[in-house]
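So the structure is just underneath, and the comments pick up after that.
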Amino acid sequence: MSERRVVISGLGLVSPFGGGLDDFFARMLAGESAIRYYQTDDIPRPLAIPAVVCDQFDADAELGRPQAGTMDRFAQLGAAAASRAWQDAGLTAADSGTRPDAGVSWGTALGGTLAYEKGYKELWQKGRERVSPLSVVLGMNNAAASHIAIRHQLAGPCISYTVACSSSTIAIGEAFRRIRCGDASLMLAGGSDAPLAYGVVRAWEALRVLAPGDAASAPRACRPFSSERAGLVLGEGGAALVLEERQHALDRGARIYAELAGYGCNCDHTHLVRPEAAGQARALELALAEAGLQPDEIDYINAHGTATREGDPTEVAALQQVFGPHAAQLAVSATKSMHGHLMGATGAIEALITTLAIAQAALPPTAGLEHVDSDCAGVRHLHQAQRGTPVRAALSSSFAFGGSNAVLAFRRHD
Amino acid sequence: MDCLSLIREFLQDRLGLVPERITEASTLASLGVDSLMQLELVFEFEDRLGISLPPDTRLPKTVGELLRLVEHHTQATRP
């Protein structure tokens, strides 16, 4: 029996720009940043940071008020992104309905952290003795996956992955495996997170990895690979891919964006936060090997590229280890410079971008990259979009705290 | 605010229901109130009316039954 192949037949996201998929990708190609100066009225000290917020997203309108009311924002963002991907794949309500061959694989780093924080405020700030009876179901990390399965009546595997910044890359990779091994013919895979909770932001601040900025400088606060880089920018969002067994997609006449051909997953096993080039290189090699791709067949890499001092050069070193002489021709960009770091959802939005890069033969740039740091040189950084050159294959990488590395390999589908 | 108005306000907010549609004869299930939302409703009553329903209270089937349950406990907790 020949190996089952997996294709991407649907894409969906909640865009920080407020528009749809085409609008989002056009803005990525244009190097447009969604980062804004985010201010709150929290006490005792309001937040004032560069961040990405999906402020045009209306959960009640999109999901219906009764359902939206039983979801934390991360689940709302996830359910909306998944429904949009389902629709984009040309699937309808008729394709739903107790399908044991279809499932959900979802990534979230923080789950319903806003619901928990609201509960803590009730208890410790307002002095109340109890919290909302919905607190558990709002807060649980698998809430988004379950809401998605319920909305589309998918009776196959329904699994959530919490692996810090690799969460949704791993969710997509594990969904890919489910289809490859025959457990499922279709998986809604992706991730969502809403990390702009007061305590979460303060925790990231304490790590001294958040990029500073004010109202004027916020859009260019995140500058991966740049000598001026000063840290990451938190963002909220959700993105989803419809993964489908290739023949299943062909039989229903689905549009196919690209093939998901390989997945590498490993652990640095050395340190909680210090990344290791050797571990990252191994994850890249695993993805290439499973896809049956040679390094010189890769035309684009959507890098993890968070814009931290230590992370970016480590990633470039890993690319140089794996790609050798081809590294200098390897087109690399870090789109977090525009959509921010969506925590557990970041791998999903970057997988979506990589898929569109292949489908449209158009590579987005790293926005604001004027001066490449000497520590990050050695690959072909994209300062502007590259259009019109066919993209044979591409990788999307996520390298998480905890040393958990995950890489997806995509190939053009002909 | 009387108890029926409180229920109507809650369900208008959570489910977008027209208040006049909610009568004592309405079953909670027909209004779209599932077991989780029943817990929310009880929580709302306890908060707003300062009452406390025992944890083993059997949840009612109709709006009327819910009203009587709440009124019973409201009277029981009055000084």
10 Å Cβ neighbours from other chains, averaged over peptide A:124-134: 2
Point-charge dipole on Cβ atoms (K/R +1, D/E -1) for the protein assembly as shown, about Cα centre, debye to 20: 180
Toward the positive end of the charge dipole of chain A, about the Cα centre and with charges on Cβ (Lys, Arg +1; Asp, Glu -1), which of A:LEU134, A:ILE49, A:SER374 goes farthest? A:LEU134
If you place +1 on the Cβ of every Lys and Arg and -1 on the Cβ of every Asp and Glu, how big does the dipole about the Cα centre of chain B come out, in debye to the nearest 20? 160
Could you give me the radius of gyration and the Dmax of chain A, taking only the C-alpha atoms into account and expressing both in angstrom? 19.9, 64
With each pseudo-label sitting 7 Å past Cα toward Cβ, what's the B:GLU9-B:LEU39 distance in nm, one decimal? 2.4
Could you tell me which helices of chain A pass both thresholds, a Cα extent of 24 Å or more along their own axis and a mean Kyte-Doolittle hydropathy of at least -0.5, with helices taken as whole DSSP H runs? none
Peptides ranked, highest mean first, by Cβ atoms within 10 Å: ranges A:62-70, A:233-241, A:110-118: A:233-241, A:110-118, A:62-70
How large is ³J(HN,Hα), in whole Hz, for each residue of the stretch A:260-276 in order, when computed from phi with the Karplus curve 6.51 cos²θ - 1.76 cosθ + 1.60 and θ = phi - 60°, using x for Gly and Pro? 8, 10, x, 8, x, 8, 7, 10, 4, 6, 10, 7, 5, 10, 7, x, 10
Would you tell me the mean number of C-beta atoms belonging to other protein chains that fall within 10 Å of each C-beta in A:252-261, as a whole number? 0
As a check on your grasp of the helix formula, calculate [θ] at 222 nm for chain A: sum -39500 (n - 2.57) over DSSP H runs of n ≥ 4, divide by the residue count, round to the nearest 500. -9500 deg cm²/dmol
Hey, fewest Cβ within 10 Å first, where do A:CYS267, A:CYS222, B:CYS3 land in order? A:CYS267, B:CYS3, A:CYS222
Using only the alpha carbons of the stretch A:21-65, determine the length spanned along each of the three principal axes and report them from longest to shortest in whole angstroms. 41, 33, 7
Dipole of the stretch A:185-340, positive direction: furthest Cα of A:LEU186, A:SER226, A:HIS304, with charges on the beta-carbon: A:SER226
A student applying the Cα gyration tensor rule (rounded when a/c is under 1.5; otherwise prolate if a/b is larger than b/c, oblate if not) would label the stretch A:21-145 oblate
For a test of the definition: using alpha carbon positions, the gyration tensor, and the 1.5 limit on a/c, classify the stretch A:326-411 as rounded, prolate or oblate. rounded
Find the centroid of the Cα atoms in the stretch A:375-411 and in the stretch A:302-356, then give the distance between the two in whole Å. 5
Per residue and in cubic angstrom, what volume does the convex hull of the Cα atoms of the stretch A:362-414 have? 111
Over the stretch A:123-274, the quotient of the Cα radius of gyration and 2.2 N^0.38 Å is 1.33
By the C-alpha gyration tensor axes a ≥ b ≥ c (rounded if a/c is under 1.5, else prolate when a/b exceeds b/c, else oblate), the shape of the stretch A:217-293 is oblate
Whole-Hz ³J(HN,Hα) for each residue in the stretch B:18-33, computed from phi via Karplus 6.51 cos²θ - 1.76 cosθ + 1.60 with θ = phi - 60°, x for glycine and proline: what do you get? 6, x, 5, 6, 9, 10, 5, 7, 5, 7, 4, 5, 5, 7, x, 8
So what is Rg over Rh here for chain B, counting just Cα atoms and using Kirkwood for Rh? 0.93
Cα convex hull of the stretch A:214-365: how many Å³ per residue? 135
For the stretch A:57-69, take each phi angle, set θ = phi - 60°, evaluate the Karplus expression 6.51 cos²θ - 1.76 cosθ + 1.60, and give the result in whole Hz per residue in order, putting x for glycine and proline. 6, 10, 4, 4, 5, 7, 9, x, 4, x, 6, 4, x
Could you tell me the calculated FRET efficiency between B:ARG21 and A:ALA206, based on Cβ-Cβ distance and R0 = 60 angstrom, to the nearest 0.05? 0.75
Apply the Debye scattering formula to the stretch A:327-368, with a single equal point scatterer on each alpha-carbon and no solvent, then give log10 I(q)/I(0) at q = 0.19, 0.21, 0.34 Å⁻¹. -0.59, -0.71, -1.18
Give me the percent relative contact order of chain A, please, defined on Cα pairs under 8 angstrom at least 6 residues apart. 23
Rounded to the nearest 5, the percent of antiparallel DSSP beta bridges in the protein assembly as shown equals 65
Give me A:PHE24, B:PHE43 ranked fewest to most by other Cβ atoms within 10 Å of their Cβ, as a rough exposure proxy. B:PHE43, A:PHE24
Long-range amide H partners of A:TYR161, meaning residues 5 or more apart or on another chain whose placed amide H is closer than 5 Å, are A:TRP106, A:GLY107, A:THR108
Alpha-carbon centroid distance for the pair the stretch A:227-287 / the stretch A:39-86, whole angstrom: 24
Where nothing but the Cβ of Lys and Arg (+1) and of Asp and Glu (-1) is charged, how large is the charge dipole of the stretch A:208-330 around its Cα centre, in debye to the nearest 20? 400
Give, as ranges by residue number, the residues of the stretch A:382-414 whose backbone N falls under 20 Å from the point 7 Å along Cα→Cβ of A:GLN360. A:382-397, A:410-414
Unit-weight point scatterers at every alpha-carbon of the stretch A:43-113, Debye formula, q = 0.16, 0.23, 0.24 1/Å: log10 I(q)/I(0) is -0.75, -1.26, -1.30
Between the stretch B:1-26 and the stretch B:28-79, what is the separation of their alpha carbon centroids in Å? 13
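Every number here is computed from the coordinates shown, using simple stated rules; none is lab data. From a predicted model like this one, the values you see are computed outputs, not experimental measurements. Cβ coordinates were reconstructed from backbone atoms using ideal geometry, including for glycine residues, and neighbour counts include every protein chain displayed.
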